[in-house]
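Student: Okay, here's the structure, questions in a sec.
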Amino acid sequence: MLGLKPKKGKLLIAEPALTGDVSFNRSVVLLAEHNQEGSVGFILNKPLNYSMSDLVEEIQVPFPVYNGGPVEQDNLYFIHKVPELISNSVEISDGIFWGGDFDATVALINDRKINQSDIRFFLGYSGWASLQLDQELLSKSWIVVTNKYESDIIRKSTQAFWREKMMELGGDYLLWSNAPENPSLN
């Protein structure tokens, strides 16, 4: 499982050594794009203290919003698993899609045709310039793993997701799964 190459649809698990990084400490990122020009992904396990109804006046349902990453945090992004309902989406992989017709999405949410297990909203995204992610992998900042959850990743990825992934990796990572988020508070 260790040693996989980055590819859209794969997960990036932050190495425990990233504890000082405010954005990526204990993060699990879904790669939405990875090519020669760079990489784009969304942090799956960092909910914010906002709901969609706080950010988009037309939305009447309090869907949670997540911190997608440090880039363009004033923009809203979303992934989903209902391309038959949301046109103009781009498939990431394995039944998970990125973006699409936002106005139609708002109407579907308000009509309760899309629920929280179908879609996830993010403020910002995680981005890497050409070869930047490759350099971070060489410096052991990330572990690349397969998204075994496929489209169910939206429901599966909770705040405890990083800890769960550490436990799955086993070995020395088991120790980190129980370490406090801020070791100086230990």
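Student: Which condition from (1) out of contact with any helix residue (DSSP H, G or I) (no Cβ under 9 Å at 6 or more places or on another chain); (2) open to solvent by less than 40 Å² (accessible area, probe 1.4 Å) is the one that residue 73 breaks?
Tutor: Only one criterion in (1) out of contact with any helix residue (DSSP H, G or I) (no Cβ under 9 Å at 6 or more places or on another chain); (2) open to solvent by less than 40 Å² (accessible area, probe 1.4 Å) is unmet by residue 73, namely (2).
Student: Let me ask you something else. For segment 14-33, enumerate the residues that are closer than 17 Å to residue 135 by Cβ and at pLDDT 95 or above.
Tutor: 29, 31
Student: Shifting gears a bit: Among (1) modelled with pLDDT under 95; (2) open to solvent by 50 Å² or more (accessible area, probe 1.4 Å), where does residue 56 come up short?
Tutor: The single condition residue 56 does not satisfy is (2).
Student: Sticking with this structure for a sec: Report, by residue number, each residue of segment 91-122 that is free of Cβ contacts under 8 Å to residues at least 40 places away in the same chain and among the hydrophobic types (A, V, I, L, M, F, W, C).
Tutor: Of everything in segment 91-122, those that are free of Cβ contacts under 8 Å to residues at least 40 places away in the same chain and among the hydrophobic types (A, V, I, L, M, F, W, C) turn out to be 97, 102, 104, 107, 108, 114.
Student: Further question: Restricting to segment 25-51, count the residues that are under 16 Å from residue 14 (Cα atoms) and of a type outside the set (Val, Ile, Thr).
Tutor: 11
Student: Determine if segment 7-21 includes at least one residue that is within 18 Å of residue 124 (Cα to Cα), in contact with a helix residue (DSSP H, G or I) (Cβ under 8 Å, 6 or more places away or on another chain) and either in a loop (DSSP other than H, G, I, E, B) or open to solvent by 50 Å² or more (accessible area, probe 1.4 Å) (or both).
Tutor: Within segment 7-21, none of the residues are within 18 Å of residue 124 (Cα to Cα), in contact with a helix residue (DSSP H, G or I) (Cβ under 8 Å, 6 or more places away or on another chain) and either in a loop (DSSP other than H, G, I, E, B) or open to solvent by 50 Å² or more (accessible area, probe 1.4 Å) (or both).
Student: Hand me the list of strands (runs of 3 or more DSSP E) wholly inside segment 25-64 holding 3 or more residues that are closer than 22 Å to residue 166 by Cα and among the hydrophobic types (A, V, I, L, M, F, W, C).
Tutor: 28-35
Student: Hey, does segment 76-87 have a residue that's under 11 Å from the mean Cα position of the chain (by Cα), modelled with pLDDT of 95 or more and of a type in the set (A, V, I, L, M, F, W, C)?
Tutor: Yes, because at least one residue in segment 76-87 is under 11 Å from the mean Cα position of the chain (by Cα), modelled with pLDDT of 95 or more and of a type in the set (A, V, I, L, M, F, W, C).
Student: Identify all residues within segment 77-102 that are surrounded by 15 or more Cβ atoms within 10 Å (Cβ to Cβ) and either among the acidic types (Asp, Glu) or closer than 21 Å to residue 22 by Cβ (or both); write none if there are none.
Tutor: 77, 94
The values are calculated or read from the model by the stated rules, or taken from the named source; none is laboratory data. Keep in mind the model is a prediction, meaning the values are calculated, not measured. No Cβ is skipped: glycine too gets one built from the backbone with ideal geometry, and neighbour counts run over all protein chains shown. With ligands, DNA and RNA removed, areas are computed over all heavy atoms of the protein, side chains included. Shrake-Rupley method; radii C 1.70, N 1.55, O 1.52, S 1.80 Å.
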